[in-house]
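The next block holds one structure in the form of structure tokens; read it before the comments.
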Amino acid sequence: MNAIIHILQTQSNGILEALGQHISISLISLFIAAIIAIPLAIILMTHKRIAEIILQITSILQTIPSLALLGILIPFVGIGTIPSIIALVVYAVMPIFQNTYSGLTTIDPNLEEAAEAFGLSRTKKLIKFQLPLAMPMIISGIRIAMVMIIGTATLAALIGAGGLGTYILLGIETNNNALLLIGAILSAILTLIFSALINGISKLSLKKIGILFSVVVVLFGGFAGYRSFVKPTVNVTIAGKMGSEPQILINMYKELIEQDHPNMKVSLKPNFGGTSFLYKALESGSVDIYPEFTGTVLESLVKTNKNVSHNPEKTYQVAKDLLKKQANMEYLKPMQYQNGYDLAVKRSFAKKYNLKTISDLVRVEHRLHAGFDPDFYQQSDGYPGIKKAYGLDLASVKTMEPSIRYKAIANGKVNIVDGYTTDPEIQEYDLVALKDDKNHFPPYQGAPLMTEKFAMKHPEIKTTLNKLSGKITTADMQKMNYLVTVKHEKASKVAHDYLVSKKLLK
């Protein structure tokens with residue numbers, strides 16, 4: 001509780017901004033979904049066959065996982081608010097359409113006949129009694145959609161749209177339950193508040209609802225216009241994958257660029273998700289720079305028939321050349337430390353079965369229940385490669401986010417996890433990183449990745465970011481990760497302190 005109070009006191013501006021983003025995304029999505037679904041249901045109330053087809057289509061759209069839908073949208077509409085709203089509208093249309101259609105088509109036939117006997121036109125019949133009678137069902141659909149939107153909108157943080165999901169993801173990645181609870185509790189409170197408001201709106205007349213709807217649309221439109229007018233121009237957008245280390249690196253990039261080029265404004269998109277999300281965003285121009293590792297480049301981003309060298313310099317040069325040739329990407333000089341994969345078990349487990357190397361795991365593979373990062377589980381240099389190189393076939397494997405897998409092994413839910421050599425959790429949870437005795441894992445050195453087009457346009461940024469070339473040792477990064485993940489210091493502060501200590505910042 002003390003940690004929550006401390007965060008509320010020290011980060012109130014950021015929390016309010018995230019809350020505002022969440023409300024904005026949610027309401028805009030709800031309005032658009034209602035504008036699409038309600039008129040569509042009215043039009044199709046006398047066309048049962050077409051309505052059933054629409055219901056089937058909207059139901060199928062709801063089965064698409066939200067992360068998959070966001071990934072599909074990135075190449076077409078980029079990152080940020082727009083793809084988030086599109087995804088939320090897709091999910092919200094079905095309950096509103098279904099309830100509106102059901103409400104309009106289940107009215108007592110006797111009332112329909114009475115209306116026709118009085119000679120009411122279709123429009124008057126709709127306004128006078130069909131919509132009022134169907135209103136409880138329509139409001140119920142809107143309420144269901146609202147709850148769904150507020151919950152799903154937390155994932156918008158994965159593509160740089162902000163919102164309360166930023167705190168939930170940050171809490172998960174930095175093992176900070178206070179941040180996680182703040183994001184989750186505020187989301188729940190929002191749901192209750194908006195549910196109550198919608199319930200209150202249901203008691204108003206159609207005329208008052210129309211007026212209220214118009215006022216809200218005008219207010220939101222005016223606010224959005226004002227924000228776009230006063231919002232400072234962003235010259236560079238830098239994103240990072242999930243976790244403390246990418247956050248530290250992108251904050252370093254930001255500080256160095258803004259120091260050397262005061263006329264530039266840098267926007268950060270932390271906790272962006274996995275490699276595929278970020279790379280698509282870079283290709284589409286939604287992101288200008290992000291830190292990537294040499295091993296990941298060769299295993300996931302380029303095509304090569306050659307075996308990956310275990311010489312870091314050769315690995316970097318091959319990755320740089322192939323990125324330039326195959327994808328028109330510019331890969332800057334790498335930092336000193338390597339953040340390679342490892343497999344880790346509890347020290348007590350390693351001692352019990354005398355485990356020192358990955359080869360030793362073959363003796364106890366039937367006892368091994370793994371928790372792996374999604375990237376590690378599917379990349380050829382991850383679990384598939386380990387199975388092939390070591391002939392290792394684990395008893396069971398579950399995929400989970402990085403910080404969760406460490407909690408899982410600490411709580412005994414799994415007994416082996418993948419990790420990185422700079423992870424502070426190895427020390428925190430008293431784990432043993434097993435030796436890669438067959439040298440399966442390739443070198444993993446981090447370096448800024450950008451498109452050739454951006455690099456040619458901004459050669460001065462290349463010069464600035466190359467100041468980090470050969471800097472940051474493994475011990476440096478372990479210490480910084482520990483400060484962010486375990487001590488819960490801000491990534492921006494940790495990055496700033498390092499740059500100052502190395503005299504890279506004035």
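The values are calculated or read from the model by the stated rules, or taken from the named source; none is laboratory data. Since we're looking at a predicted model, the values are computed, not measured. Because the Cβ atoms are built from the backbone with ideal geometry, glycine has one as well, and the counts that use them run over all protein chains shown.
Observations
- Odd one out for residue 21 among (1) crowded, with 18+ Cβ neighbours inside 10 Å; (2) farther than 23 Å from residue 188 by Cβ; (3) among the polar types (S, T, N, Q): (2)
- Filter pass, residue 360 being surrounded by fewer than 18 Cβ atoms within 10 Å (Cβ to Cβ), part of a helix (DSSP H, G or I), in contact (Cβ under 8 Å) with a residue 40 or more places away in the chain and not assigned by TED's automatic domain parsing to the domain that holds residue 457: yes
The rows are residues; the columns are (1) over 20 Å from residue 249 (Cβ atoms); (2) not basic (Lys, Arg).
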position	(1), (2)
393	yes, yes
414	yes, yes
451	no, yes
457	yes, no
464	no, yes
479	no, no
485	no, yes
496	no, yes
499	no, yes
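- Checking residue 152 against (1) modelled with pLDDT under 80; (2) farther than 27 Å from residue 9 by Cβ; (3) hydroxyl-bearing (Ser, Thr, Tyr), the condition it does not meet: (1)
- Scanning the stretch 471-506 for residues that are of a type in the set (Ser, Thr, Tyr) and in contact (Cβ under 8 Å) with a residue 40 or more places away in the chain turns up 473, 474, 482, 485, 492, 498.
- Only listed residue being in a loop (DSSP other than H, G, I, E, B) and over 18 Å from residue 300 (Cβ atoms), chosen from 393, 381: 393
- The sole residue among 339, 328 that is touching a Ser or Thr at 6+ places or on another chain (Cβ under 9 Å) and within 22 Å of residue 426 (Cβ to Cβ) is 339.
- Residue under evaluation residue 307, criteria (1) more than 24 Å from the chain's Cα centre (by Cα); (2) modelled with pLDDT of 90 or more, criterion not met: (2)
- The single residue among 279, 331, 353 that is without any contact (Cβ under 8 Å) to a residue 60 or more places away in the chain, of a type in the set (Ser, Thr, Tyr) and closer than 30 Å to residue 80 by Cα turns out to be 279.
- Those helices (runs of 4 or more DSSP H) lying entirely in the stretch 238-357 with at least 1 residues in contact with a Leu (Cβ under 8 Å, 6 or more places away or on another chain) and of a type in the set (S, T, N, Q): 244-260, 275-284, 312-327
- The helices (runs of 4 or more DSSP H) found entirely in the stretch 438-501 that carry 2 or more residues being under 23 Å from the mean Cα position of the chain (by Cα) are 474-485, 491-501.
- Pairs where the first residue, in the stretch 201-219, is polar (S, T, N, Q) and the second is part of a helix (DSSP H, G or I) and at pLDDT 75 or above, C-beta under 8 Å, 6+ apart: 202/135; 202/136; 202/139
- The requirement of being surrounded by 14 or more Cβ atoms within 10 Å (Cβ to Cβ) and within 25 Å of residue 382 (Cα to Cα) is fulfilled somewhere in the stretch 484-499, by at least one residue.
- Boolean, residue 309 is among the hydroxyl-bearing types (Ser, Thr, Tyr), surrounded by fewer than 22 Cβ atoms within 10 Å (Cβ to Cβ) and touching a helix residue (DSSP H, G or I) at 6+ places or on another chain (Cβ under 7 Å): yes
- Residue within the stretch 130-149 that is closer than 28 Å to residue 373 by Cα and either surrounded by fewer than 23 Cβ atoms within 10 Å (Cβ to Cβ) or more than 16 Å from the chain's Cα centre (by Cα) (or both) present: yes
- The selection criterion, being in contact (Cβ under 8 Å) with a residue 60 or more places away in the chain, closer than 30 Å to residue 364 by Cα and out of contact with any Asp or Glu (no Cβ under 6 Å at 6 or more places or on another chain), does not hold for residue 465.
- Taking the criterion of being more than 23 Å from the chain's Cα centre (by Cα) and assigned to a loop (DSSP other than H, G, I, E, B), the residues of the stretch 396-437 that qualify are 411, 412, 413, 414, 415, 421, 429, 430, 434, 436, 437.
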